[in-house]
Amino acid sequence: MASKLILLDQDGVLADFEQGVRQLWQQTYQQPLPLKERRHFYLRDDMAPEFHRQLAQIYSSKGFFASLPPMQHGISAAKRLLEAGHDVRICTSPIQDYHYCVSEKFDWVCQHLGEDWMQRIILAKDKTWVRGDILIDDKPQISGSLVPQWQHWIYDQPYNRHQTELYRINWEQPETWSELLNN
């Protein structure tokens, strides 16, 4: 495979957003996150409306994005893709209440991937404007104002398993992305 421009989403692909929410919810409210099953991309769509405000407070809080745990094998996978000769970029979208989110996404990358990766961050609310060959993202449908130039590879999560048309990968299953290492 020739060298590719690979765009990696941050939350849900490299950083474990849901685990971070679960941990901070437990710490803040001394009870587990009231969530039975994940069927939708947005956590709030799987939670009762009476919890929406608390959920927004969790992921809008100072320190949330910087403290997200890495996805299992995500850091090593990103580094292996770069070592295989690909141009790897982190293409991430900030949340609406971005006051801490933006700087903490940069902090997270620096902490887990190193300062060299800071120049590899692309912050975009509309990912269809970003050039690339492959976008690895957990969001099942990505829309925007342009027809994307990249091919969407979906990062496997319980809430996107209904999406069967996209190539599915998981860092814990190297056979799902090993073709990217054969440069």
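Read-outs throughout are calculated quantities, based only on the coordinates presented, and are distinct from any laboratory measurement. If you're wondering where the values come from, they're calculated on a predicted model, not measured in any experiment. Neighbour counts run over all protein chains shown; Cβ positions are idealised from the backbone, glycine included.
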| query | When the chain is fully extended, how far beyond the present Cα-Cα distance does residue 181 get from residue 52, taking 0.36 nm per residue of separation? | reply | 42.3 nm
| In Å, what is the Rg of the alpha-carbon atoms in the stretch 17-66, and how long is Dmax? | 10.2, 27
| So what is the 222 nm mean residue ellipticity for the chain from helices alone, if each DSSP H run of at least 4 adds -39500 (n - 2.57) and you divide by all residues, rounding to the nearest 500 deg cm²/dmol? | -7500 deg cm²/dmol
| field | Cβ-derived FRET efficiency at R0 22 Å, residue 87 paired with residue 129, nearest 0.05 | value | 0.80
| message | Considering only C-alpha atoms, what is the centroid distance from the stretch 1-77 to the stretch 119-140, in Å? | response | 18
| message | What are the equivalent ellipsoid semi-axes of the chain, built from the alpha-carbon gyration tensor (square roots of five times its eigenvalues), in whole angstrom, biggest first? | response | 27, 18, 16
| field | Max mean-square fluctuation residue, GNM over the chain, Cα-Cα springs under 10 Å, options 103, 60, 143 | value | 143
| In what sequence, highest mean first, do 110-120, 9-19 appear when ranked by Cβ atoms within 10 angstrom? | 9-19, 110-120
| query | Structure shown: which of 105/127; 79/125; 36/125; 105/125; 36/62; 4/105 lie over 22 Å apart, alpha-carbon to alpha-carbon? | reply | 79/125; 36/125; 36/62; 4/105
